[in-house]
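Novice: I have a structure here, written as structure tokens, and I will follow up with some questions on it.
The values are calculated or read from the model by the stated rules, or taken from the named source; none is laboratory data. As the structure is a prediction and not an experimental result, all values here were calculated from the model. All Cβ positions, glycine included, derive from the backbone under ideal geometry; neighbour counts span all protein chains shown.
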Amino acid sequence: MIDDLTTDRPVTARRRGPDVVMVVAALLTFAMAVAAFVGQVPDLSGFDPRWLLAAGAAAVGLLLLGGSVRGRRGSKGELG
């Protein structure tokens, strides 16, 4: 039984990339800090906040679609 758990393959650590959400949040924060430091805020008089809601809904939909296509790896329900 213990022989089933041991392998001769070396264990390699998988390197993960940066978190996309955190990178976007950091870039937006940096842009706001630069705008506050310089003192120039972009003119948002023609901006409709409903577009922000629509873009957020589209992003969530794409993330859910990507997650369903990718599937699950290493789930505990698999045997053998």
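Novice: Looking at G66, G80, G74, G61, which is the one that is exposed (fewer than 10 other Cβ atoms within 10 Å of the Cβ), modelled with pLDDT of 80 or more and either touching a helix residue (DSSP H, G or I) at 6+ places or on another chain (Cβ under 8 Å) or not hydrophobic (A, V, I, L, M, F, W, C) (or both)? Reasoning before the result, please.
Specialist: On the way: G80 fails: modelled with pLDDT of 80 or more; G74 fails: modelled with pLDDT of 80 or more; G61 fails: exposed (fewer than 10 other Cβ atoms within 10 Å of the Cβ).
It is G66.
Novice: Given the condition part of a loop (DSSP other than H, G, I, E, B) and of a type in the set (S, T, N, Q), answer yes or no: does some residue in region 25-35 qualify?
Specialist: First pass over region 25-35, keeping only residues part of a loop (DSSP other than H, G, I, E, B): none.
Within region 25-35, not a single residue is part of a loop (DSSP other than H, G, I, E, B) and of a type in the set (S, T, N, Q).
Novice: For region 17-33, indicate whether the set of residues that are surrounded by fewer than 10 Cβ atoms within 10 Å (Cβ to Cβ) and modelled with pLDDT under 80 is non-empty.
Specialist: Within region 17-33, one or more residues are surrounded by fewer than 10 Cβ atoms within 10 Å (Cβ to Cβ) and modelled with pLDDT under 80.
Novice: Which residues, taken from region 36-46, are outside any helix (DSSP H, G or I) and either surrounded by 10 or more Cβ atoms within 10 Å (Cβ to Cβ) or among the small types (G, A, S) (or both)?
Specialist: Within region 36-46, the subset outside any helix (DSSP H, G or I) is 39-46.
Hits for region 36-46 are G39, S45, G46.
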